[in-house]
Amino acid sequence: MQAPPAVSLSVSRFGAWRGLCLMAALVAVGAASAWAWTRFPAEPFGAAWVMLSLAAAAWACRAPAPFHLRWDSHAWFVDGRAGSLTVALDAGNGLLLRFLPEGARFARWLPVQRAGHEPAWHALRCSLHSARPSALRPAADL
């Protein structure tokens, strides 16, 4: 079996991701507001809870930093740093990827959308979902 083809992609568009985050944040703010309103209707703590949830929603909806994703047929690189890349969510026109740099303890979450990346989209998905060269068995084991 051959290794997946090399692919290189600069990701700087996050419209779909920000829209999903905004919808989730609005639901969370609505739930927090309803809870605070029923629990503390006449106390300032209820208003503080709503303001805290609005601040958290604004933080969640911030734009991710642009990044460069590359597969060279042997390893994944994000902004020139090697590591392992796994697909956490594949929605067809959008991907949520989990990148764990070599030697790091914490992963970086990378949203990638098809819009703006159409020429490289098929190659990217093929590379993500194909077998890795290190996972292939030698011919003698077959």
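Within segment 7-39, the set of residues being more than 17 Å from residue 52 (Cα to Cα), touching a helix residue (DSSP H, G or I) at 6+ places or on another chain (Cβ under 8 Å) and surrounded by fewer than 13 Cβ atoms within 10 Å (Cβ to Cβ) is empty.
Test residue 82 against the criterion of being modelled with pLDDT of 80 or more, part of a loop (DSSP other than H, G, I, E, B) and within 30 Å of residue 5 (Cα to Cα), and give yes or no. Taking the combined requirement at face value, the residue does not satisfy it. Residue 98: touching a Ser or Thr at 6+ places or on another chain (Cβ under 8 Å), at pLDDT 85 or above and farther than 30 Å from residue 25 by Cβ, yes or no? When the stated conditions are applied, residue 98 does not pass them. For segment 55-66, does any single residue satisfy the condition of being at pLDDT 75 or above, open to solvent by 80 Å² or more (accessible area, probe 1.4 Å) and in a helix (DSSP H, G or I)? Yes, there is a match, as at least one residue in segment 55-66 is at pLDDT 75 or above, open to solvent by 80 Å² or more (accessible area, probe 1.4 Å) and in a helix (DSSP H, G or I). Residues in segment 101-127 that are modelled with pLDDT of 85 or more, surrounded by 13 or more Cβ atoms within 10 Å (Cβ to Cβ) and either touching a Phe, Trp or Tyr at 6+ places or on another chain (Cβ under 8 Å) or part of a loop (DSSP other than H, G, I, E, B) (or both): 107, 108, 110, 111. Pairs are defined by a Cβ separation below 9 Å, a sequence spacing of at least 6 or placement on different chains, a first member in segment 49-64 that is of a type in the set (Val, Ile, Thr), and a second member that is open to solvent by 60 Å² or more (accessible area, probe 1.4 Å); the pairs so defined are 50/37.
The values are calculated or read from the model by the stated rules, or taken from the named source; none is laboratory data. Since the model is a prediction, treat every value here as computed from it, not as a measurement. With ideal geometry, Cβ positions are generated from the backbone for all residues, glycine too; neighbour counts draw on all protein chains shown. Remember, those area values only see protein heavy atoms, side chains included, never the ligands or the DNA or RNA. Shrake-Rupley method; radii C 1.70, N 1.55, O 1.52, S 1.80 Å.
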